[in-house]
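Following: one structure in structure tokens, then a few remarks.
The values are calculated or read from the model by the stated rules, or taken from the named source; none is laboratory data. This structure is a prediction, so every number in the text was calculated from the model and none was measured. Neighbour counts run over all protein chains shown; Cβ positions are idealised from the backbone, glycine included.
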Amino acid sequence: MDGLTPEALAQVAAYFQTLAEPTRLQILNLLRAQERNVGELAELCGYSSANISRHLSLLTQQGFVSRETRGNAAYYRIADPAIYALCDMVCGNIARKFERQAEQAAAFTGPAGSAARTARRARR
């Protein structure tokens, strides 16, 4: 991001703000498998069609999804598959963070942690 203008940074921030909402991430994940219409997405997400339409509008504006009208229905598909590489990278990073935290917690609950608790109890 070195050398980006304030305007460019604002666009980058808007891109990430779009991804900062769990429902939109759920929609993107559902579209990973196949294109879907608003009604299908609403049913799968458990939200109203109006709510899903608002999310899809923002996802379309930011270029994440594209829209195609067929008859009375609009179908949405992923416009930029690179979004999944970004999401997979972030998810992998979060998974590694949780693994490190679990390893740290295990130090207190594992065999060595049990021995330390026993030693503390003996001193009381």
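If we scan region 50-71, do we find a residue that is in contact with an Asp or Glu (Cβ under 6 Å, 6 or more places away or on another chain), in contact (Cβ under 8 Å) with a residue 12 or more places away in the chain and assigned to a strand (DSSP E or B)?
Scanning region 50-71 turns up no residue that is in contact with an Asp or Glu (Cβ under 6 Å, 6 or more places away or on another chain), in contact (Cβ under 8 Å) with a residue 12 or more places away in the chain and assigned to a strand (DSSP E or B).
If GLY39 satisfies all but one of (1) of a type in the set (Gly, Ala, Ser); (2) under 28 Å from GLN11 (Cα atoms); (3) assigned to a helix (DSSP H, G or I), what's the number of the condition it fails?
(2)
Looking at GLU99, GLU68 in this structure, which one is of a type outside the set (Val, Ile, Thr) and either in contact with a helix residue (DSSP H, G or I) (Cβ under 6 Å, 6 or more places away or on another chain) or not assigned by TED's automatic domain parsing to the domain that holds LEU28 (or both)? Explain how you work it out, then say what you get.
On the way: GLU68 fails: either in contact with a helix residue (DSSP H, G or I) (Cβ under 6 Å, 6 or more places away or on another chain) or not assigned by TED's automatic domain parsing to the domain that holds LEU28 (or both).
Just a single option satisfies the conditions, and that option is GLU99.
Pick from SER49, SER66, SER53: which is surrounded by 11 or more Cβ atoms within 10 Å (Cβ to Cβ), in contact with a Gly (Cβ under 9 Å, 6 or more places away or on another chain) and of a type outside the set (Val, Ile, Thr)?
Of the residues listed, the single one that is surrounded by 11 or more Cβ atoms within 10 Å (Cβ to Cβ), in contact with a Gly (Cβ under 9 Å, 6 or more places away or on another chain) and of a type outside the set (Val, Ile, Thr) is SER49.
Just checking, how many residues over region 21-66 are more than 13 Å from the chain's Cα centre (by Cα) and among the β-branched types (Val, Ile, Thr)?
4
Take the residues of region 84-117 that are modelled with pLDDT under 75 and surrounded by 10 or more Cβ atoms within 10 Å (Cβ to Cβ): which is nearest to the chain's Cα centre (by Cα)?
Within region 84-117, the first condition is being modelled with pLDDT under 75, and the residues that meet it are 110-117.
Filter once more, so that each one left must be surrounded by 10 or more Cβ atoms within 10 Å (Cβ to Cβ): 110, 112-117.
On the way: GLY110: 32, ALA112: 37, GLY113: 35, SER114: 37, ALA115: 40, ALA116: 39, ARG117: 39 Å.
The extreme case among them is GLY110.
Restricting the search to region 8-20, which residues are in a helix (DSSP H, G or I) and either outside the structural domain of LEU58 (by TED's automatic domain parsing) or hydrophobic (A, V, I, L, M, F, W, C) (or both)? Before you say what the answer is, go through the steps one by one.
Here is the first cut: in region 8-20, the residues in a helix (DSSP H, G or I) are 8-19.
The answer is ALA8, LEU9, ALA10, VAL12, ALA13, ALA14, PHE16, LEU19.
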